[in-house]
Amino acid sequence: MMISKELQQLKMAWLAAEEAGDKQAQVALLRDHPDAQDELIDFIAAYRMIGPAAEEVSPLPLTQRAMATALERVFAPQRVAASDLRDLRAKQGLSLVQAARGLRLGVDVWKKFEDGVIELVSLSERQLERLAQFFHISTEQFSGLLIQSQSVPTLDRRQTTQAARSSQQTSLKQSLAEAIEKSAMSKQERQAWLEEA
């Protein structure tokens, strides 16, 4: 499988040849890059279906599903090799503060995501999409990393029963709405996130 940057360059070269009407250059791209042929063919099929020459006819449901699958394969988000949300942020070269600011969340709220305190079920589809898009991954990948971020509490043998209870209480799950309400985020930022619920 080809590296996504190289594949994007091939797609752009194919589009340039398409605009120039240079069919030979398009065929040469396919011939000269056999390792990218499958991805390019999917891209070309998707382009033909939605490109400028496509007819303005409502496609059948079967065609719509095929088109969605082709588009997803062509423009799929980057595969991420992170173990949890903290690792994802670090691999993208972001500090805790940079990630929080970029998402327009309080640092405390993003830290709760990384600590696995925020419940996945409390996120709306729009909120999940917003979080995943920020990191250039799919919503499924973000959900998986959030689940991976949920730590299993371990007790030190020297820890007293009272200390163990208080540590368990601090690791209680929260909904995103609860975390936002308890945060020092601005009113506009709170409202923007809560309206997407």
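Laid out as a table, the results:
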item	result
Flag if residue 101 is closer than 21 Å to residue 180 by Cα, charged (D, E, K, R), within 15 Å of the chain's Cα centre (by Cα) and assigned to a helix (DSSP H, G or I)	no
Which listed residue is of a type in the set (Lys, Arg) and crowded, with 18+ Cβ neighbours inside 10 Å, from 126, 104, 130	130
Filter result (assigned to a helix (DSSP H, G or I), buried (at least 16 other Cβ atoms within 10 Å of the Cβ) and of a type in the set (A, V, I, L, M)) within the range 173-197	176, 177, 179, 180
Scope the range 6-41; condition surrounded by 12 or more Cβ atoms within 10 Å (Cβ to Cβ), of a type in the set (Gly, Ala, Ser) and more than 20 Å from residue 72 (Cβ to Cβ); matching residues	13, 16, 17, 25, 28
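No value in this document is a laboratory result; all are computed from the given coordinates. Remember, predicted model here, so these are calculated numbers, not experimental data. Because the Cβ atoms are built from the backbone with ideal geometry, glycine has one as well, and the counts that use them run over all protein chains shown.
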